[in-house]
1. Which one of these is out of contact with any helix residue (DSSP H, G or I) (no Cβ under 9 Å at 6 or more places or on another chain) and either without any contact (Cβ under 8 Å) to a residue 40 or more places away in the chain or among the acidic types (D, E) (or both): A464, A495?
2. Do you know which of the residues in the range 367-396 that are assigned to a helix (DSSP H, G or I) and out of contact with any strand residue (DSSP E or B) (no Cβ under 9 Å at 6 or more places or on another chain) is surrounded by the most Cβ atoms within 10 Å (Cβ to Cβ)?
3. Of the residues T307, T311, which single one is part of a helix (DSSP H, G or I), at pLDDT below 95 and either among the hydrophobic types (A, V, I, L, M, F, W, C) or surrounded by fewer than 22 Cβ atoms within 10 Å (Cβ to Cβ) (or both)?
4. Scan the range 96-113 and tell me whether some residue there is under 30 Å from A279 (Cβ atoms), under 34 Å from the mean Cα position of the chain (by Cα) and buried (at least 24 other Cβ atoms within 10 Å of the Cβ).
5. Which members of the range 320-340 meet the condition of being assigned to a helix (DSSP H, G or I), at pLDDT below 95 and crowded, with 19+ Cβ neighbours inside 10 Å?
6. Testing I459 on (1) closer than 22 Å to T265 by Cα; (2) modelled with pLDDT under 95; (3) of a type in the set (V, I, T), one condition comes back false. Which one is that?
7. Hey, could you check the range 114-128 for residues that are surrounded by 16 or more Cβ atoms within 10 Å (Cβ to Cβ) and closer than 25 Å to I142 by Cα and say which is farthest from the chain's Cα centre (by Cα)?
8. Among the residues of the range 138-179, write down those that are at negative phi and assigned to a loop (DSSP other than H, G, I, E, B).
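The values are calculated or read from the model by the stated rules, or taken from the named source; none is laboratory data. What you see is a predicted model, and the numbers here were worked out from it, not measured in a lab. Glycine also receives a Cβ, built like all others from the backbone with ideal geometry; neighbour counts cover every protein chain displayed.
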Amino acid sequence: MNSLINTFQQQESQFWLALLQHIQISLVSLFIAILIALPLALLLRRYSRLAEPLLQITGIFQTIPSLALLGLLIPFVGIGSLPAIVALVVYALFPIIQNTYTGLQQIDSSLIEAARAFGMNRRERLMKFELALALPFIMAGIRTSGIMVIGTATLAALIGAGGLGNFILLGINSNDVNLILIGAISSALLAVIFSTLLRFLEKAKLQTILISFFAGLLLLLASYYNPQANNHPKITIAGKLGAEPTLLINMYKEVIEKNSDIEVTLKPNFGDTTFLYNALKSNKIDIYPEFSGTILTTFLKHPTTSTDPQTVYEEARAGIDKLDNLAYLLPMKFQDTYALAVKTHYAEKYNLKTISDLHKLPAVKAGFDLEFANRQDGYKGLQSLYGLNFDVKTMQTSLIYNALNSNNIDLAQVYSTDSQIKQYQLTVLKDDKKLFPPYQAAPLMSKNLLKKYPQLEQILNKLAGAITDEEMINMNYAVNVEQKDPAAVAHEFLARHDLL
């Protein structure tokens with residue numbers, strides 16, 4: 001419990017921002033769903049032949065896996081809040097339409113006949129007693145949709161929309177149970193609070209519900225209001241999930257703001273590689289740190305045959321320029337590339353220093369993630385270049401360290417700057433045949449941004465060649481294990497090396 005509280009205190013500023021984002025996404029989605037579903041339900045009551053087909057269609061929408069739906073929406077509406085809201089609206093429609101239609105259908109026909117006898121038209125009947133009688137059903141449908149939306153909104157973090165899902169993803173990525181619990185518990189509590197409020201409104205009068213609805217809508221709109229305090233130019237820098245990208249973007253922010261009048265907005269833990277790249281191309285963000293090896297293998301689709309960092313960087317810079325007219329500035333020194341690690345006592349026992357030394361062992365249980373196990377610069381390369389064959393267990397990356405630490409595996413695929421290397425006192429084996437390609441981080445941005453702010457190139461190139469592998473491991477350790485603020489760790493490094 002103390003560990004959970006300490007983690008929350010360290011992440012408190014990000015937590016309130018994530019909570020606000022989660023509430024915004026959830027309420028916007030629910031309000032839009034209500035505005036669509038209620039008129040549709042009224043239409044179905046009037047044209048009952050359409051009821052069954054439409055309810056079937058909206059019901060089918062709910063069977064589509066959330067991740068699949070988000071993936072289908074990205075090519076059409078990009079990333080960020082919009083596809084998340086569209087997906088959540090789709091999921092929220094069915095309970096509201098079904099319950100509203102059911103509530104209206106269950107009204108005693110004798111009441112309707114009596115109203116007709118008194119000369120009421122359709123609109124008068126609807127407003128004076130039909131909606132009031134159907135209200136418990138309608139509110140139950142809205143409550144069901146609201147709970148569903150709040151829970152599903154955690155997936156919005158996968159496409160850069162923020163929210164409490166950021167904590168869950170970051171916790172999975174860094175193998176931090178406390179971060180996962182903060183995201184999961186907060187989302188569950190938010191759903192409980194929202195359900196309780198709606199249950200209270202079920203007993204209220206229609207006028208009270210309408211007033212509450214519009215009051216909530218006004219508060220929601222007010223939460224998006226962000227007056228500009230000055231006329232300084234502004235850019236947005238985003239980072240991938242994890243401590244390392246967050247450290248890098250904090251460095252970018254500080255050197256830019258110290259050396260220009262440009263104000264920087266940070267979006268840490270914005271998402272995975274593909275989402276960030278699409279966000280950059282669609283101008284939702286302006287800069288993010290990318291790795292030279294990733295540009296070659298993921299975007300250019302032609303892995304390099306060179307193991308020289310400068311050659312790989314030049315290939316990546318020229319290729320991304322030609323592909324999408326993007327500028328790739330000078331890289332830092334450290335390389336966050338693949339590596340193989342063992343426990344230090346295991347390395348000492350078998351005198352292991354290089355990957356080639358693994359031939360000394362009769363049998364090795366290895367833990368790889370699925371991607372590494374199927375890459376030419378991964379396990380396939382280990383087989384062809386080193387002639388090594390292991391008993392391979394594939395698992396999620398964050399679980400590999402636990403498996404190694406608990407002796408369930410002998411050898412782990414890691415990244416060369418992971419904080420767990422220091423945390424678990426591991427020995428990284430030297431890639432003596434140079435299988436793993438260089439992965440150096442450098443700022444990636446559009447050339448239009450550089451034309452607008454040409455000083456950015458000179459400012460950010462101050463970081464070129466900075467940070468050794470050991471320094472990066474130590475900074476990741478400070479953030480992941482010692483729970484230090486990434487901005488403070490980044491500032492300390494910049495100040496120590498006179499980069500400000």
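1. A495
2. G381
3. T311
4. no
5. Matches in the range 320-340: none.
6. (2) is the only condition that I459 fails.
7. Here the residue is R125.
8. A161, L164, D176
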